[in-house]
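The values are calculated or read from the model by the stated rules, or taken from the named source; none is laboratory data. Given the structure is predicted, the values throughout are model-derived calculations rather than measurements. Here the Cβ positions follow ideal geometry from the backbone for every residue, glycine too, while neighbour counts run over all protein chains shown. Accessible surface areas use protein heavy atoms only, side chains included; no ligands, DNA or RNA. Shrake-Rupley method; radii C 1.70, N 1.55, O 1.52, S 1.80 Å.
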Amino acid sequence: MNICLFKEEEIGKPLPANDERAKHIAKVLHKKEGDSFDAGIIGGKAGTATIRKIGESGIDFEFREFEDEEKANGKPLHPLTLIIGFPRPIQLRRLFRDVAGLGAKRIILAGTELTEKSYMESNDIKDGAAERMLLEGTVQAASTHVPLLETAKSMQEAIKMIFETEGGSKKCALDNRRAKMSLHKWLSSQTENAGELEKQGVVAAIGSERGWTDRERDLLESSGFTLCSMGKRVLRTETAATVASSIILDSMGVLD
């Protein structure tokens, strides 16, 4: 746990002794009364928490945000949105951790024509497990900002959601059959300035484990997405999402 995150309403209240965060602070970090640890408010400021008292009821702490404005901002998310075809639940968990750790701002899980329908009914989406995985990735990155997670029943619905909110973003879709160019070349062709690419934002669509149908490829291209490849090897959805995110964020200049 590289940062301990709290909801806004938890600040100023003791952290219950049976809370996993309290257990981590006491048993893993070995913090005692008077000690401090990195902390932050989910979606808000980062800072430090100083332990005032440890008792049977839990840990009483005082939170103070960092005086340095950049540190207090808690590592804001980057302007990268991912449309991802529903993968297997076990892949989904790893994908969420990694993408949240990298700092993508938005994830739209979409049903594709080749998606296994049972994946869309996964309890990982229904019981809040997805949000927990995103939170784990955020904690790993020592950030306070968690990616927005949304779902769409189809690619048509996902693309509509994009145009309602991010119509001006650069758009690409990973494909190993009808790609026009490599993802690297496409990113290089979009702008000569990495900062400008970050300003405009990028939307990247990644298919489920069976890929896209020709009808979905047509839909993506007619909607302004450029089909791009990442080499000749066929990657798992989770791997493709992590690698593509890394390449895009590097092109934005945010990994410098």
> In the range 99-135, what count of residues is obtained for those that are more than 13 Å from L149 (Cα to Cα), at pLDDT below 95 and of a type outside the set (V, I, T)?
Replying inline: 12
>> Being over 14 Å from the mean Cα position of the chain (by Cα) and surrounded by fewer than 16 Cβ atoms within 10 Å (Cβ to Cβ) is the filter here; which residues of the range 134-154 pass it?
In response: K153, S154
> Name the pairs whose Cβ atoms lie under 9 Å apart, with the first residue in the range 30-48 and on the phi > 0 side of the Ramachandran plot and open to solvent by 50 Å² or more (accessible area, probe 1.4 Å), the second among the hydroxyl-bearing types (S, T, Y) and not in a strand (DSSP E or B), and 6 or more positions between them or separate chains?
Replying inline: G43/T144
> Do you know which residues across the range 92-112 are in contact with a Pro (Cβ under 9 Å, 6 or more places away or on another chain) and of a type in the set (G, A, S)?
Replying inline: A100, G103, A104
> If the Cβ limit is 8 Å and pairs must be 6+ apart or interchain, which residue in the range 62-87 that is part of a loop (DSSP other than H, G, I, E, B) pairs with which residue that is of a type in the set (D, E)?
Replying inline: F86/E116; P87/E209; P87/E238
>> Quick check on this structure: which one of E69, E157 is open to solvent by 50 Å² or more (accessible area, probe 1.4 Å) and more than 29 Å from L255 (Cβ to Cβ)?
In response: E157
>> I'd like the full set of residues that are within 20 Å of I108 (Cα to Cα), without any contact (Cβ under 8 Å) to a residue 60 or more places away in the chain and open to solvent by 70 Å² or more (accessible area, probe 1.4 Å), limited to the range 173-229.
In response: D218, S222
